[in-house]
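Contents: one structure, followed by commentary.
The values are calculated or read from the model by the stated rules, or taken from the named source; none is laboratory data. Predicted model only: the values in this text are computed from it and were never measured. Every residue, glycine among them, receives a Cβ derived from its backbone with ideal geometry; neighbour counts consider all protein chains shown. Ligands, DNA and RNA are excluded from the accessible area calculation, which covers all protein heavy atoms including side chains. Shrake-Rupley method; radii C 1.70, N 1.55, O 1.52, S 1.80 Å.
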Amino acid sequence: WVVVIGSPYGLERSVSVGVVSAKGRTDIIPGSRTSFVDFIQTDAAINPGNSGGPMLGLDGKVVGIANAVNTTGQGIGFAIPVDVARAVVDELRMHGRVRRGWLGLSVVDLTPDVARNFGRPSYSGVVVSEVVSGSPAQRAGLRAGDIILEVDRTPVQRAQALRWKVAQTGVGSSLRV
């Protein structure tokens, strides 16, 4: 169960209650783009005006920041996990802006079908679908079709996880891929 606080439609000090319907939503960005943020999906009312308000667990601790509503599906809202918000705040405090690590590649999840096409016995990891010319990924020798299994000795299960790991890595830092 979660509680969302805000001012939807200008109605100050409003509270709505709901459940966490899903975690790890990355496919909610308009235009079929994916996010590197794992959004929290809830049925607690998130409407224009309470985006930016806290999402609290029943223990009163902030678990997310109300962020988006699915306009085509009534009762479906999304929040940014609090650890993501904290990372942004830390970057703003330290640098005055948000800086993100960048490898210069695109990746997709390694699904069972794709794994079979690559002759892989399992479908853990992600497939490099594109490498940007002149990027750190190209300089490191990564190519389209490569399968990334680990980053800094941590298994990579989803493309989103790799994107977030890279984004959180300090600019100019190295990753072991």
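Within region 5-29, the set of residues being open to solvent by less than 30 Å² (accessible area, probe 1.4 Å) and modelled with pLDDT under 85 comprises 8, 24, 26.
Taking every residue in region 1-12 that is assigned to a loop (DSSP other than H, G, I, E, B) and pairing it with any residue that is surrounded by fewer than 17 Cβ atoms within 10 Å (Cβ to Cβ), at least 6 positions away or on another chain, the pairs with Cβ-Cβ distances below 6 Å are 1/19; 1/58; 7/49. Within region 138-157, can one find any residue that is under 27 Å from residue 86 (Cα atoms), assigned to a loop (DSSP other than H, G, I, E, B), open to solvent by 70 Å² or more (accessible area, probe 1.4 Å) and not β-branched (Val, Ile, Thr)? Yes, because at least one residue in region 138-157 is under 27 Å from residue 86 (Cα atoms), assigned to a loop (DSSP other than H, G, I, E, B), open to solvent by 70 Å² or more (accessible area, probe 1.4 Å) and not β-branched (Val, Ile, Thr). Scanning region 30-53 for residues that are modelled with pLDDT of 75 or more and at positive phi returns 49, 52.
Test residue 127 against the criterion of being on the phi < 0 side of the Ramachandran plot, touching a Gly at 6+ places or on another chain (Cβ under 9 Å) and crowded, with 18+ Cβ neighbours inside 10 Å, and give yes or no. Spelling it out, residue 127 is indeed on the phi < 0 side of the Ramachandran plot, touching a Gly at 6+ places or on another chain (Cβ under 9 Å) and crowded, with 18+ Cβ neighbours inside 10 Å. Note on region 56-103: among residues that are under 14 Å from the mean Cα position of the chain (by Cα), open to solvent by less than 70 Å² (accessible area, probe 1.4 Å) and not hydrophobic (A, V, I, L, M, F, W, C), the one that is modelled with the lowest pLDDT is 67. Reported count of residues in region 104-120, each being surrounded by 13 or more Cβ atoms within 10 Å (Cβ to Cβ) and either at pLDDT 90 or above or within 21 Å of residue 23 (Cα to Cα) (or both), is 7.
Results for (1) small (Gly, Ala, Ser); (2) in contact (Cβ under 8 Å) with a residue 12 or more places away in the chain; (3) more than 23 Å from residue 151 (Cβ to Cβ); (4) in a strand (DSSP E or B), shown as yes or no for each residue.
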position	(1), (2), (3), (4)
51	yes, yes, yes, no
65	no, yes, yes, yes
74	no, no, yes, no
79	yes, yes, yes, yes
84	no, yes, no, no
87	yes, yes, no, no
101	yes, yes, no, no
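Quick check on region 121-131. Is at least one of its residues in contact (Cβ under 8 Å) with a residue 12 or more places away in the chain, more than 21 Å from residue 25 (Cα to Cα), out of contact with any His (no Cβ under 7 Å at 6 or more places or on another chain) and not in a strand (DSSP E or B)? There is no residue in region 121-131 that is in contact (Cβ under 8 Å) with a residue 12 or more places away in the chain, more than 21 Å from residue 25 (Cα to Cα), out of contact with any His (no Cβ under 7 Å at 6 or more places or on another chain) and not in a strand (DSSP E or B). Among the residues of region 103-120, just one is charged (D, E, K, R) and in contact (Cβ under 8 Å) with a residue 40 or more places away in the chain, namely 109.
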